[in-house]
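Structure, as structure tokens:
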Amino acid sequence: MRDGLEAFVQAWEALPLFESQRGLAPQVLADQRARRLRGDAEALARSLRHAGTGVQHWLGDHLPRVEVPALLIAGSLDAKFVQIARDLEQRLPHAHLQVVEGAGHNVHLEKPEEFVTLVDAFLRHHDGH
């Protein structure tokens, strides 16, 4: 809030978490940046304060009771979230984990065709189930 949305977006995009995006097409990066800059700084700050991963309550003990299929997608270059997805896969009785090679934190941005293929196949397989 102190430095404004543009400074936040610049710092956010510089995080090592997004290193894998640096090789994306310039237009993809420009479009992503434009979407981020259209955000509401106050709403983003509230979201991070009240719903960020650092403040969310642990609900992992409830996961074994989830009876619906769940698709977990993680990029192979994001080791932290691959491990989180593997842990979730063990806790969720009907989980399907897909690790997308060569993608980082934002699989849908970095490998959109593969992401859509995985989601589409999952939904077709579970249609009506």
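The values are calculated or read from the model by the stated rules, or taken from the named source; none is laboratory data. Treat the numbers as computed from the prediction; the structure is a model and nothing was measured. Here the Cβ positions follow ideal geometry from the backbone for every residue, glycine too, while neighbour counts run over all protein chains shown. The area values use the complete protein model at the heavy-atom level, side chains included, leaving out ligands, DNA and RNA. Shrake-Rupley method; radii C 1.70, N 1.55, O 1.52, S 1.80 Å.
State in Å² the accessible area per residue of the chain; use a 1.4 Å probe, count heavy atoms of protein chains only, and round to the nearest integer. Mind showing how you got there, number by number?
Values: 9080 Å² over 129 residues.
Per-residue value: 70 Å².
Please determine, in degrees from 0 to 90 and to the nearest 10, the orientation of helix 41-51 with respect to the longest principal axis defined by the Cα atoms of the chain, where the helix direction is its Cα long axis.
Value to nearest ten degrees: 40.
Considering only DSSP states other than H, G, I, E and B, which chymotrypsin sites (Phe, Trp or Tyr not before Pro) in segment 12-105 qualify as loop sites with at most 15 other Cβ atoms within 10 Å?
Numbers: sites: Trp12, Phe18, Trp58, Phe81; in loops: Trp58.
Those that pass, being in a loop and sparsely packed, are Trp58.
Output the 0 to 90 degree angle, nearest 10, between the alpha-carbon long axis of helix 26-37 and the longest principal axis computed from the alpha carbons of the chain.
Tilt of helix 26-37: around 80 degrees.
Restricting to DSSP loop positions (anything but H, G, I, E, B) with no more than 16 other Cβ atoms inside 10 Å of their own Cβ, which trypsin sites (Lys or Arg not before Pro) remain in segment 21-129?
Working: sites: Arg22, Arg33, Arg35, Arg36, Arg38, Arg46, Arg49, Arg65, Lys80, Arg86, Arg91, Arg124; in loops: Arg22, Arg38.
Of the trypsin sites (Lys or Arg not before Pro), the ones in loops of segment 21-129 whose Cβ has at most 16 other Cβ atoms within 10 Å are Arg22, Arg38.
Please name which of Gly23, Gln56, Ile84 has its Cα lying farthest along the dipole of segment 1-112 towards the positive end, using unit charges on Cβ (Lys, Arg +1; Asp, Glu -1) and the Cα centre as origin.
Final value for the positive-end residue is Gln56.
Considering only Ala45, Ala121, Pro93, whose Cα is most displaced toward the positive end of the charge dipole of the chain, charges sitting on Cβ of Lys, Arg (+1) and Asp, Glu (-1)?
Ala45
What does the net charge come to around Arg86 if you take all other residues with beta carbon closer than 15 Å to its beta carbon, with K and R at +1 and D and E at -1?
Working: positive: Lys80, Arg91; negative: Asp78, Asp87, Glu89.
Residues near Arg86 contribute -1 overall.
Find me the longest stretch of the chain that has none of the exposed GluC sites (Glu not before Pro), where exposed means in a DSSP loop (not H, G, I, E or B) with at most 14 other Cβ atoms within 10 Å. Please report the intermediate quantities before stating the final value.
Numbers: sites that count: Glu67, Glu101.
My reading of the result: 1-66 is the longest stretch.
Give the shape of segment 1-43 as rounded, prolate or oblate, defined through the alpha-carbon gyration tensor: a ≥ b ≥ c are the square roots of its eigenvalues, a/c under 1.5 means rounded, and otherwise the shape is prolate if a/b is larger than b/c and oblate if not. Mind showing how you got there, number by number?
On the way: a/c = 2.98, a/b = 1.58, b/c = 1.88.
Oblate, because a/c is 1.5 or more while a/b does not exceed b/c.
Only four residue types carry charge here, +1 at the Cβ of Lys and Arg and -1 at the Cβ of Asp and Glu. Report the dipole size of segment 18-126 about the Cα centre in Debye, rounded to the nearest 20. Before the final figure, lay out each step's value.
Working: 13 positive and 14 negative charges, 70 e Å.
Dipole of segment 18-126, to the nearest 20 debye: 340 debye.
Carbon and sulfur atoms: what percent of the 1.4 Å accessible area of segment 1-126 do they account for?
Values: 4940 of 8720 Å².
Answer for segment 1-126 is 57 percent, counting heavy atoms of protein chains only.
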